[in-house]
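The values are calculated or read from the model by the stated rules, or taken from the named source; none is laboratory data. Predicted model, so just to flag it, every value in this text is computed and none were measured. All Cβ positions, glycine included, derive from the backbone under ideal geometry; neighbour counts span all protein chains shown.
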Amino acid sequence: MKTYLDNTRTAGLFLNVNASTGATFSQAQRAAGIINEHANYMVDNGLYAIYELYPPAISGALHVQPIMGFNLTAEQLRTTVAPLFKALDDEKIPYNSGFLEYSDFYSIYHDIFEPEQAAQNGLTGGWVFTHKDMRPENQGAVADAIALALSPRSDMLGIVIGHIFDPGHTVTKSQSATHPRWRGATIRFMSVLVQPLDATWKQKLEHHDVMANVITEKYKKAAPDGLAYVNENYAFMNNWQDAFWGDNYSRLKEIKKLWDPQGVFFSPSTPGTEDWHITDYAHRLCKKL
């Protein structure tokens, strides 16, 4: 329930780099890199953005929708993102784009945000890169991690979704269970590792290995100051205690043991669940010996 009027003027834009604009996959990939290079700038200027980068076998395209500015007119948003578009133009990357303006947030949310597609199957993982991780001298490592996530093996495909946002930099010391590094975030790279709908158990284990030990570990190496977003990530990553919870973990585990000493409530990668083990996939949950 809202107790205030939704009358915050908001502007948004879309941007496409694909075969229809005359771009190659390399140019789409480079355009994503340019967005990443401006991610700290965008967050510092109050912008929010989502982009999708697809491998050549799917479309080799970059789709950005939206880059959004709260309490901005379309012209003000255009001025704010001018450095981003100048960089695209300087590298002669062909694109199409458009700017839109709305009288309230609900209208832009309803119009510019796109629905999830049905009948998709894959493993979802990723990593949050902080302001420090997205500094200019680390952009090479960022690009390498994304390239690996798009094509981790010759027989596997990945999709990368970049989510640029400000989680609340002004609150430096949170009292919540959220990972302490969360408030320094700039962008969350969500990786979708495509998996066949009729995948065998052997294939599923192979996809797990690639997500946990190849893609995620590459992200971690590229962003050592980063973290895992607990609401939408791969629950079975290595060292999940630190990845999801950071320095809060020991305290959260104490609370879990206090109120649920027998471990009745279980969910993978949540505090205090190390004593349990899933056997016979999706059938039995057993105490570890």
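Couple of notes before you dig in:
- In region 72-93, residue surrounded by the fewest Cβ atoms within 10 Å (Cβ to Cβ) [restricted to those that are out of contact with any strand residue (DSSP E or B) (no Cβ under 7 Å at 6 or more places or on another chain) and part of a loop (DSSP other than H, G, I, E, B)]: Lys92
- Residue identified as within 15 Å of the chain's Cα centre (by Cα) and among the polar types (S, T, N, Q) among Thr170, Thr200, Thr178, Thr186: Thr186
- On the stretch given as region 243-289, residues that are under 25 Å from the mean Cα position of the chain (by Cα) and surrounded by 14 or more Cβ atoms within 10 Å (Cβ to Cβ) total 10.
- Residues that are under 17 Å from the mean Cα position of the chain (by Cα), over 20 Å from Gly184 (Cβ atoms) and in a loop (DSSP other than H, G, I, E, B) within region 34-63 comprise Tyr54, Pro55, listed in sequence order.
- Residue match in region 2-20 (condition: closer than 21 Å to Pro115 by Cα, of a type in the set (Phe, Trp, Tyr) and either within 20 Å of the chain's Cα centre (by Cα) or outside any helix (DSSP H, G or I) (or both)): yes
- Any hit, region 97-104, residues being among the polar types (S, T, N, Q), surrounded by 12 or more Cβ atoms within 10 Å (Cβ to Cβ), under 30 Å from Arg9 (Cβ atoms) and at pLDDT 95 or above: yes
- Qualifying residue in region 89-112 (condition: of a type outside the set (A, V, I, L, M), within 30 Å of Lys204 (Cβ to Cβ), touching an Asp or Glu at 6+ places or on another chain (Cβ under 7 Å) and in contact (Cβ under 8 Å) with a residue 24 or more places away in the chain): no
- Answer from Gly263, Gly226 - the residue that is assigned by TED's automatic domain parsing to the domain that holds Gly126 and touching a strand residue (DSSP E or B) at 6+ places or on another chain (Cβ under 9 Å): Gly226
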